[in-house]
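Visitor: Quick one: this structure, given as structure tokens, is what I'll be asking you about.
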Amino acid sequence: MIEWSSFAIVAAATWVSAIIVITLFSVAVRMRATHLDRVDEGRSSSGLQVAYWTVFGVCGAVVLLGVYLIVPALHGA
């Protein structure tokens, strides 16, 4: 028998996490494009470069957390 409430929770968590990862990655790509445009114009924006690499890192950390939670062998469950 399918536990529909558990199914709904997993489906909602999947949607929310996918939206978070896509949003973070999109923001980082946009920040990088802005940084490259500013460099082409001759303006320095090292703070923006640090910011987009930080957002890329957070995006990667969220993905790794998801893999950790999905693979039982990684957390002894």
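The values are calculated or read from the model by the stated rules, or taken from the named source; none is laboratory data. Note that the structure is predicted; figures quoted are calculated from it, not measured. Backbone-built Cβ (ideal geometry, glycine too); neighbour counts: all protein chains shown.
Visitor: Looking at V67, V71, V62, which one is within 20 Å of T14 (Cα to Cα) and surrounded by 14 or more Cβ atoms within 10 Å (Cβ to Cβ)? Working first, answer last.
Guide: Working: V67 fails: surrounded by 14 or more Cβ atoms within 10 Å (Cβ to Cβ); V71 fails: surrounded by 14 or more Cβ atoms within 10 Å (Cβ to Cβ).
One residue alone meets the criteria, V62.
Visitor: Let me ask something additional. So which of I9, I2, I20 is surrounded by 12 or more Cβ atoms within 10 Å (Cβ to Cβ) and at pLDDT below 95?
Guide: Details: I9 fails: surrounded by 12 or more Cβ atoms within 10 Å (Cβ to Cβ); I2 fails: surrounded by 12 or more Cβ atoms within 10 Å (Cβ to Cβ).
The unique qualifying residue is I20.
Visitor: Within the bounds of region 35-45, is there any residue that is at pLDDT below 95, of a type in the set (S, T, N, Q) and touching a Lys or Arg at 6+ places or on another chain (Cβ under 7 Å)?
Guide: Taking every residue of region 35-45 in turn, at least one turns out to be at pLDDT below 95, of a type in the set (S, T, N, Q) and touching a Lys or Arg at 6+ places or on another chain (Cβ under 7 Å).
Visitor: In region 36-52, how many residues are surrounded by 11 or more Cβ atoms within 10 Å (Cβ to Cβ) and either touching a residue at least 24 places away in the same chain (Cβ under 8 Å) or at positive phi (or both)?
Guide: 1
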